[in-house]
1. Determine if region 110-133 includes at least one residue that is without any contact (Cβ under 8 Å) to a residue 40 or more places away in the chain and either part of a strand (DSSP E or B) or more than 14 Å from ligand 1 (Cβ to nearest atom) (or both).
2. Criterion first (surrounded by fewer than 17 Cβ atoms within 10 Å (Cβ to Cβ) and at pLDDT 95 or above) does Asp363 satisfy it?
3. Return the residues of region 34-45 that are surrounded by fewer than 17 Cβ atoms within 10 Å (Cβ to Cβ) and not polar (S, T, N, Q); say none if nothing qualifies.
4. Mind checking which strands (runs of 3 or more DSSP E) fall wholly inside region 288-394 and carry at least 1 residues that are in contact with a Leu (Cβ under 7 Å, 6 or more places away or on another chain) and more than 25 Å from Asn193 (Cα to Cα)?
5. Residue under question is Leu278, and the condition is that it be more than 30 Å from Leu170 (Cβ to Cβ), modelled with pLDDT of 90 or more, hydrophobic (A, V, I, L, M, F, W, C) and more than 25 Å from the chain's Cα centre (by Cα); does it hold?
6. If you scan region 158-179, which residues turn out to be within 12 Å of the chain's Cα centre (by Cα) and assigned to a helix (DSSP H, G or I)?
7. Hey, among Thr215, Thr204, which residue is touching a strand residue (DSSP E or B) at 6+ places or on another chain (Cβ under 6 Å) and surrounded by fewer than 14 Cβ atoms within 10 Å (Cβ to Cβ)?
Amino acid sequence: MSSNIGAEAQAAYNKYLDAKTLDVKIRCLKEFLSLVPKHKATEEIVALNKTRLAKLRREQEDEKIRAKAGKKTSPFSIKREGIQVILVSGNHMPGVGKTSILNLLTGAAKNKIGRFTPVPEIGVYIEQKIKFQLVDMPSIMIGASDGVGNGKEILSQIRSCDCVVMCVDLSRDVNDQISMIEKELNESNIRVNMNIPPVLIEKTGSNKIQVFYLTKEAKNIKDLSELSEKIKEIVYASGIRNGTVKIYGKVTLDQIVDALNPSIVYKKVLILGTKGDLPHTQESFEDLKKHYSDNYPVILGSSAKKREFSPEFGKIILDFLKKIKVFTCHKGVIAEKPLILDSKMSIRDVAIKIHRSFYEKFDHAIVTREGARQYRKKCGLDYEIEDNDVIELFTI
Ligand SMILES: Nc1nc2c(ncn2[C@@H]2O[C@H](COP(=O)(O)OP(=O)(O)OP(=O)(O)O)[C@@H](O)[C@H]2O)c(=O)[nH]1
Ligand SMILES: [Mg+2]
């Protein structure tokens with residue numbers, strides 16, 4: 001920012017950039033605008049930030065309206081905003097500290113800590129300009145998959161979210177907590193940290209079931225003809241009489257069963273150990289990592305009481321979801337909010353995501369990449385984007 005604005009205003013602006021909630025952002029931006037000297041040299045910066053403030057206020061109003069409207073409808077139907085992250089725990093061990101974590105990260109639900117959470121509590125966590133919607137779910141009861149304790153509503157939200165945070169109290173039996181949640185998720189057809197099976201099953205007009213192995217990895221599976229027979233049996237038992245089964249990689253029979261079931265969803269779940277300030281929780285955390293790292297690539301510790309939490313929570317989630325953020329740019333002005341895309345995507349995906357017309361009329365893109373050999377590069381549609389790229393699209 002320009003050196004004309006003064007140290008106090010700069011400090012307020014920095015606070016605004018670091019702010020993690022809408023309320024704090026608004027407060028800091030208002031403070032900045034009251035401190036910044038008003039003259040010709042600061043005219044543009046003041047106008048720009050007034051626009052930002054108005055936009056943030058609109059967002060705040062919208063949130064209030066939605067919160068009110070939400071109360072009239074089911075509190076379990078949550079309008080998704082940004083990257084939705086759901087905090088879950090098992091009700092057989094209540095009070096693991098989900099609401100405390102929600103409050104620590106977003107400021108929401110302060111007076112609800114220490115009381116049973118009957119309906120979802122929602123907060124907004126912002127890191128590096130990326131918005132994460134944190135949902136503190138009522139804990140899952142035994143039998144939730146059969147509908148016990150709003151189980152259907154809770155599990156239906158989990159099915160559609162981006163990432164699940166399984167909260168476990170490190171001062172109590174963690175195996176018991178994890179196995180209970182895993183059971184309910186599994187019985188609701190939610191697969192935890194598993195890859196989507198490399199299988200495509202299509203009904204065809206031919207009068208038989210055919211199995212094709214289409215990649216080198218698939219062709220290298222042992223006893224292919226025996227496997228094919230078993231696959232055909234399973235597919236036949238599902239009611240399909242004519243069809244093709246295309247296999248793209250190493251596959252198990254359980255995965256074939258899952259591939260035949262359209263209600264299966266695959267969710268990324270990370271484990272968050274809570275109450276890391278209590279005695280013996282460090283040992284418990286080490287044990288947790290030792291026994292669960294194979295199935296849970298991300299295991300974090302925390303203490304809401306000591307306000308200890310990973311400062312890069314958002315980045316950890318993005319990496320876990322294999323997503324990156326890029327910034328679009330128009331006439332040299334970089335968009336304030338990033339676009340979130342799957343890693344390994346190309347300029348084509350960016351163009352389509354912004355608007356199809358950008359793809360249809362695409363001429364070239366200019367990609368600015370910090371630290372790259374070529375800082376600004378002219379690129380075509382196939383160019384692979386990376387985290388933090390600034391991308392300007394030009395059409396014909
Ligand atoms: N020592 C310690 N206590 C904590 C910590 N986090 C939460 N607690 C306490 O644990 C109790 C339960 O915390 P909550 O955040 O309400 O737990 P919850 O998971 O939301 O509980 P439910 O809504 O009933 O599922 C409260 O008394 C908190 O003060 C922590 O990091 N350390
Ligand atoms: Mg709670």
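The values are calculated or read from the model by the stated rules, or taken from the named source; none is laboratory data. Only a predicted model underlies this, so the values are computations on that prediction, with no experimental measurement involved. Methodologically, a virtual Cβ is constructed for each residue, glycine included, from the backbone with ideal geometry; neighbour enumeration extends over all protein chains shown.
1. So far as region 110-133 goes, yes, one or more of its residues are without any contact (Cβ under 8 Å) to a residue 40 or more places away in the chain and either part of a strand (DSSP E or B) or more than 14 Å from ligand 1 (Cβ to nearest atom) (or both).
2. Yes, satisfied.
3. Scanning region 34-45 gives Leu35, Pro37, Lys38, His39, Lys40, Ala41, Glu43, Glu44.
4. Counting at least 1 such residues, we get 323-330, 362-368.
5. So Leu278 fails the test.
6. Ile158, Ser160
7. Every option except Thr204 fails the conditions.
Table: residues versus (1) of a type in the set (Phe, Trp, Tyr); (2) in contact (Cβ under 8 Å) with a residue 60 or more places away in the chain.
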| residue | (1), (2) |
| --- | --- |
| Asn189 | no, yes |
| Gly205 | no, no |
| Leu214 | no, no |
| Asn220 | no, no |
| Asp223 | no, no |
| Glu226 | no, no |
| Tyr236 | yes, no |
